[in-house]
1. If you rank 97, 332, 245 by fewest surrounding Cβ atoms within 10 Å, what's the result?
2. Calculate the FRET efficiency for residue 99 and residue 163 from the Cβ-Cβ distance with a Förster distance of 30 Å, rounded to the nearest 0.05.
3. For labels at residue 232 and residue 111 in the simple 7 Å Cα→Cβ model, what's the distance in nm?
4. How many nm separate the modelled label positions at residue 130 and residue 247, each set 7 Å beyond the Cα in the direction of the Cβ?
5. I need the peptides 211-217, 178-184 ranked by packing, meaning the mean over residues of other C-beta atoms within 10 angstrom, with the highest value on top.
6. For 240, 117, 338, which order do you get if you count the other beta carbons within 10 Å of each Cβ and list the fewest first?
7. Please rank 70, 195, 264, fewest neighbouring Cβ atoms within 10 Å first, as an exposure proxy.
8. Can you tell me how much longer the chain between residue 240 and residue 317 gets when fully stretched, taken as 0.36 nm per residue apart minus their C-alpha distance, in nm with one decimal?
Amino acid sequence: MTLALPLRVALTGPLNALARWVPVTKPLPWRAAALVALIAGFWAPLQAQTASPVATESRSVNEWLMRMHEASRQRAYMGTLVVSAGSSMSASRIWHVCDGEQQMERVDTLTGAPRTTIRRNNEVITFVPETKTAWVEKRESLGLFPELLRTPSNGIPEFYGVSEAGTERVAGYLADVVEIQPKDALRFGFRIWSEKKTGLVVKLQTLGEQGAVLEQVAFSELQLDAPVSMGKLTRLMKDTKGYDVQRPVLKKTTAEAEGWRMKESVPGFLPMSCHTREVVESVGGGAAAPMQWVFSDGLASVSLFVEPYDAQRHGKEKTAVSGATHSLTRRVGTYWLTVLGEVPTATLRRFAYALERTR
């Protein structure tokens, strides 16, 4: 589950290798991205947009997720979002507005390197003041939480259960506490605080073994129905004066067309998209463009990054952890594979050893 923001926080170890896939403009960790995407209501599926409110106190996992997805479709808000994972902590200021069709938001980092990200539906621009660079991209809901009903078939109830754990106050608002528990060891669980009147997500925890909190995202301050101007955000989005505007090119493709397949599937995870990214410098002699293949089980996502092997850049096979985000790297013939996702390392390993070259 990740936020509708451009990219994630700068990671350590082998995760840094992914910086060459995308501009290094990572304002929030993946889980923070998840919360904002969820509360912002971006890319809400048709089923979620048209679902009627559930009147009963007890809801199914899909009914809870639909309620959360729908919560902000007709609301504006602004607030401060704090993300903590282990000893690290970061914060961002968020403004969100919608008019029923258009969804817009602005996110400013309050810790680390300054970044301003503005999104209108699937259009995203990230301003990097230090380098006077603006990155412009179109983004699908890849890896966003929740990918509710965007998978070819809705298998969320098959792999996740739900329970209601009372109410608590967050950022001054009374919220229902909902626990989403995985039914196997291939995925993490979640504890979500959903504002009682609207369903808006105000806090989210990712849970590992025995309920250990791996990462936490929460509003420290929130104003619902805030006076956020869509016109002002639109003007700010267009104001690139003084910035070097970069437009990375993604080409939609299929893994089969690029010469890859999975020998066996990972239970619950279905392919969502596959892209290659145009690169300025050739990699490994320019034999192939880097490829990203994304899978989702409806809540969690896993990305497979494949590029030609380069002995000078690629070291030993290894794993790394940053909060709830795990990564695994390994060599596959003449290629280098990085598997990245908010799932246990064992799940990434199943992906890594199922991928094979077909030509």
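1. The order, fewest Cβ neighbours first, is 245, 332, 97.
2. About 0.25, to the nearest 0.05.
3. Simple spin-label model gives 2.6 nm for this pair.
4. Each label point lies 7 Å from its Cα, and together they span 2.7 nm.
5. Packing order, densest peptide first, comes out as 211-217, 178-184.
6. 240, 338, 117
7. Neighbour counts put them in this order, fewest first: 264, 70, 195.
8. 23.6 nm
Where a number appears in this text, it was derived from the coordinates with a stated rule and is not lab data. Worth saying up front: this structure is predicted, and the values here are computed from it rather than measured. Cβ atoms come from the backbone with ideal geometry, glycine included; neighbour counts cover every protein chain shown.
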